[in-house]
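The values are calculated or read from the model by the stated rules, or taken from the named source; none is laboratory data. What you see is a predicted model; the values in this text were computed from it and never measured. When we count neighbours, we look across all protein chains shown, and the Cβ atoms used for this are built from the backbone with ideal geometry, even at glycine. Ligands, DNA and RNA are excluded from the accessible area calculation, which covers all protein heavy atoms including side chains. Shrake-Rupley method; radii C 1.70, N 1.55, O 1.52, S 1.80 Å.
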Amino acid sequence: MPPPPTSDAINGKGFGASLSESHASVSVPRRGFWRRLMAFIGPGYLVAVGYMDPGNWATDLAGGSAFGYTLLAVVLLSSLMAILLQTLSARLGIAAGLDLAQACRARYSRPVTLVLWLLCELAIIACDLAEVLGTAIALKLLFGLPLLAGVLITAFDVMLLLALQRFGFRKLEAFVATLLVVIAGCFVYELWLARPDWLAVAGGFVPTGQIVTNPAMLYIAIGILGATVMPHNLYLHSSVVQTRAFEPGDKRGAIHFATIDTVVALGFALLINAAILILAAATFHVAGRTDVAEIEDAHRLLSPMLGASAASVVFALALLASGQNSTITGTLAGQIVMEGFLDIKLPVWLRRIVTRAIAIVPAALVIALVGEGATTNLLVLSQVVLSLQLPFAVIPLVAFTADRKLMGEFASPLALRVVAWVVAAAIVGLNVKLLVGIAAG
């Protein structure tokens, strides 16, 4: 198989700008560290949304209620892995001028490209399914709507995205960041009520051998790791960093500022995920309720156990904000993947309707035929599909960013390549183990 062509050669063969309607739409000042940094702040927060979506809540709740603060070390480790991969994704977008989907189309044969596209589309649909269910559960908890009605209502959030995109990419980033602040504020309030043992919290970030030797703990730990890195986020990040209009000769500076944005944003996501686990540990585990793994169970028990009627409402509000945020970034990822792999551009409204319809139909059918108790199985299924697709995004990313013919002087140095391959192998291995465990019941 021939080596991948350089980015200049690729762009000369019909590879247009990724996310063309927003490409280089955010101006970057030529001078001033803080002004330049602020111009690059944004893409990292769009990516961070995927690390605190409704699919992550169940594993964090289960880990905290069953094992207290012990699995905080796993949350930290998985976040560090995510930071590494997302910085590589940003590096690819800036240095090569290609998103991950475009790089795959340039590197691989047409049949391989089509297979990768189909797998990625399945992952996006699975992620959207989790967002649909998360939003529907939040609407049920807040307003008492039947779950089926909530699922159908999520069909209309396409209008929200279309309205936001009319005001420019920067406004879209601001809206996402605002919802992230809402989520953070909700959990600050919950933790203030829960009053966790902060010394024990600090100890939870130190790994222990028990995580590996206890089969039940290991299974949840693998679940946390397996649900952390979302494959569509790697495609998304390599594209949205190209919305910055930096000077062609300033790629090094752009990579530097994009890396800062990524580390800070995913550090924020780490705090949110840790807060969910800490809340479960401080509220349920210490009271002997080690069986709380369902979002609805957590909502029902929070108010009486914390002694504040607003606790459950605030929890549901954070869930609603999380679902809506994930909806926005999932749509962008879908557009990037279709354009990058197939060079097909659909109207944004059509792309959104198709993606959301494919997620809503199975959710609505299962709930209508089996009942609301089936939502947990659907969430598990969505995580299984995401796990299956993950190696097909991580391995090409690590390979592309290590290739000097594609990346030039910005190819990953040896130490970074070694760490990246170790992380890729660990994520793939843990996901395989998770899938085997699920298959074995």
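Taken over the range 217-253, residues that are among the small types (Gly, Ala, Ser) and surrounded by fewer than 24 Cβ atoms within 10 Å (Cβ to Cβ) amount to 3. Pairs are defined by a Cβ separation below 6 Å, a sequence spacing of at least 6 or placement on different chains, a first member in the range 34-62 that is free of Cβ contacts under 8 Å to residues at least 60 places away in the same chain, and a second member that is of a type outside the set (Lys, Arg); the pairs so defined are 35/29. In the condition set (1) over 20 Å from residue 65 (Cβ atoms); (2) of a type in the set (Val, Ile, Thr); (3) more than 24 Å from the chain's Cα centre (by Cα), residue 208 is compliant with all but (1). Only one of the listed residues (7, 22) is under 23 Å from residue 167 (Cβ atoms) and either modelled with pLDDT of 80 or more or in contact with a Leu (Cβ under 7 Å, 6 or more places away or on another chain) (or both). That residue is 22.
Give me the residue from the range 78-99 that is out of contact with any Gly (no Cβ under 8 Å at 6 or more places or on another chain) and not aliphatic (A, V, I, L, M) and, out of that set, surrounded by the fewest Cβ atoms within 10 Å (Cβ to Cβ). By that ranking, first place goes to 97. Within the range 298-311, no residue that is free of Cβ contacts under 8 Å to residues at least 60 places away in the same chain sits with its Cβ atom under 9 Å from a residue that is outside any helix (DSSP H, G or I) and aromatic (Phe, Trp, Tyr) at 6+ positions apart or across chains.
Each residue in the range 52-66 was checked for being surrounded by fewer than 24 Cβ atoms within 10 Å (Cβ to Cβ) and either of a type in the set (Ser, Thr, Tyr) or at pLDDT 90 or above (or both), and 1 pass. Of the numbered criteria (1) more than 22 Å from residue 195 (Cβ to Cβ); (2) not in a helix (DSSP H, G or I), the one residue 287 fails is (1). Whenever a residue of the range 63-82 is over 17 Å from residue 419 (Cα atoms), its partners that are open to solvent by 30 Å² or more (accessible area, probe 1.4 Å) and aromatic (Phe, Trp, Tyr), lying with C-beta atoms within less than 7 angstrom and at least six residues away or across chains, give the pairs 72/205; 73/205. Could you please find all residues in the range 325-347 being of a type in the set (Val, Ile, Thr) and either part of a helix (DSSP H, G or I) or in contact with a strand residue (DSSP E or B) (Cβ under 8 Å, 6 or more places away or on another chain) (or both)? 327, 328, 329, 331, 336, 337, listed by residue number. Exactly one residue out of 253, 204, 288, 267 is in contact (Cβ under 8 Å) with a residue 24 or more places away in the chain and farther than 30 Å from residue 23 by Cβ, and it is 204.
For every residue, the table says whether it meets (1) surrounded by 22 or more Cβ atoms within 10 Å (Cβ to Cβ); (2) at pLDDT 85 or above.
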{"site": "269", "(1), (2)": "yes, yes"}
{"site": "275", "(1), (2)": "yes, yes"}
{"site": "278", "(1), (2)": "yes, yes"}
{"site": "281", "(1), (2)": "yes, yes"}
{"site": "292", "(1), (2)": "yes, no"}
{"site": "300", "(1), (2)": "no, yes"}
{"site": "308", "(1), (2)": "no, no"}
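Filtering the range 173-197 to residues that are open to solvent by 40 Å² or more (accessible area, probe 1.4 Å), over 19 Å from residue 303 (Cβ atoms) and charged (D, E, K, R) leaves only 197. The combined condition, being within 20 Å of the chain's Cα centre (by Cα), modelled with pLDDT of 90 or more, farther than 18 Å from residue 76 by Cβ and part of a helix (DSSP H, G or I), is not fulfilled by residue 254. Starting from residues that are buried (at least 24 other Cβ atoms within 10 Å of the Cβ) and assigned to a helix (DSSP H, G or I), keep the ones in the range 68-77 and report whichever is nearest to the chain's Cα centre (by Cα). Filtering first and then ranking leaves 75.
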